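Bear in mind that the values in this text are calculations on the coordinates, not laboratory data. Computed from a predicted model, the values in this text were never measured in an experiment. Cβ atoms come from the backbone with ideal geometry, glycine included; neighbour counts cover every protein chain shown.
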Amino acid sequence: MTRVTIWNEGRHEQKNQTIAEIYPQGIHGAIAAGLEPYGFTLRTATLDEPEHGLSDAVLAETDVLTWWGHMAHGDVHDSVVEKVQQRVLEGMGLIVLHSGHFSKIFKRLMGTSCDLKWREANEKERLWVVEPGHPIVEGIGEYIEIEREEMYGEHFDIPAPEELVLVSWFKGGEIFRSGCCYRRGNGKIFYFRPGHETYPTYYNAEVLRVIANAVRWAAPTAGPHPVRGNAKPLEAL
Ligand code: ZN
């Protein structure tokens with residue numbers, strides 16, 4: 001069974017009453033509840049726990065890590081970022097959500113600024129599926145509509161996605177690459193855009209379905225373990 005650790009900064013929920021009312025169990029709690037029917041082994045971890053809840057033992061037992069952060073990216077210890085990067089290179093899946101685009105771990109894995117255009121204006125978002133056969137959009141229609149969301153617009157300063165699965169349109173006119181797949185080392189990474197903290201986006205069944213599909217896609221496979229360095233010939237030379 002795929003072991004998922006749902007990581008959340010968890011600061012907005014402590015500091016802002018409106019957000020605490022939308023997510024009384026925290027954003028991590030809402031995502032965990034939403035993934036419950038999918039049959040994963042779930043745990044949550046937050047910034048204010050020792051080692052941000054991501055001890056060596058937790059990371060070793062994590063197949064896929066999901067990451068939501070926004071106001072406190074700078075409070076994430078570099079030593080933890082280093083360990084998460086190492087686990088991704090070893091094969092752990094990583095799903096970066098919404099404002100996680102500016103997290104230390106995502107910027108490090110992408111190698112670019114990951115900056116973008118944004119606006120908070122209660123806009124409709126329509127996420128178009130542009131890779132219909134992709135496992136991350138299994139069970140999704142032509143598009144997903146979210147009645148009110150924050151706008152993220154291009155240009156999004158990321159490396160060209162290896163697979164682009166979803167593209168968002170916003171009522172104000174912008175578009176955005178909102179479902180992006182990457183591989184780093186043995187690990188798979190999916191960036192998924194929706195999820196601003198002042199909207200109930202992580203109760204949306206289709207959004208949760210995409211996250212669940214992405215967990216399955218990003219889970220490590222029992223492929224060969226690469227051997228590098230000086231090698232003896234397999235045949236007599
Ligand atoms: Zn946001």
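Structural remarks
- Filter result for A236 (aliphatic (A, V, I, L, M), surrounded by fewer than 22 Cβ atoms within 10 Å (Cβ to Cβ) and touching a residue at least 12 places away in the same chain (Cβ under 8 Å)): no
- Residues that are under 18 Å from E197 (Cα atoms) and among the hydroxyl-bearing types (S, T, Y), drawn from the range 31-60: T44, T46
- Residue check, E131 assigned to a loop (DSSP other than H, G, I, E, B), more than 16 Å from the ligand (Cβ to nearest atom) and charged (D, E, K, R): yes
- Hits in the range 49-71 - residues which are crowded, with 22+ Cβ neighbours inside 10 Å, farther than 9 Å from W7 by Cα and in contact (Cβ under 8 Å) with a residue 60 or more places away in the chain: V64
- Hits in the range 157-203 (condition: over 19 Å from H134 (Cβ atoms), within 16 Å of the ligand (Cβ to nearest atom) and assigned to a loop (DSSP other than H, G, I, E, B)): G172, E174, G195, H196, E197, T198, Y199, P200
- Against the numbered list (1) closer than 18 Å to K117 by Cβ; (2) more than 16 Å from the ligand (Cβ to nearest atom); (3) surrounded by fewer than 22 Cβ atoms within 10 Å (Cβ to Cβ); (4) not polar (S, T, N, Q), L208 comes up short only at (1).
- Out of R126, R119, R148, one residue alone is outside any loop (DSSP other than H, G, I, E, B) and away from the ligand (no atom under 16 Å from the Cβ). It is R126.
- Within the range 126-140, the residues that satisfy the criterion of being in contact (Cβ under 8 Å) with a residue 60 or more places away in the chain and surrounded by fewer than 16 Cβ atoms within 10 Å (Cβ to Cβ) are P135, E138, G139.
- For beta carbons closer than 8 Å, sequence separation of 6+ or different chains, a first residue in the range 197-210 that is within 15 Å of E142 (Cα to Cα) and a second that is of a type in the set (K, R) and within 10 Å of the ligand (Cβ to nearest atom), there are no qualifying pairs.
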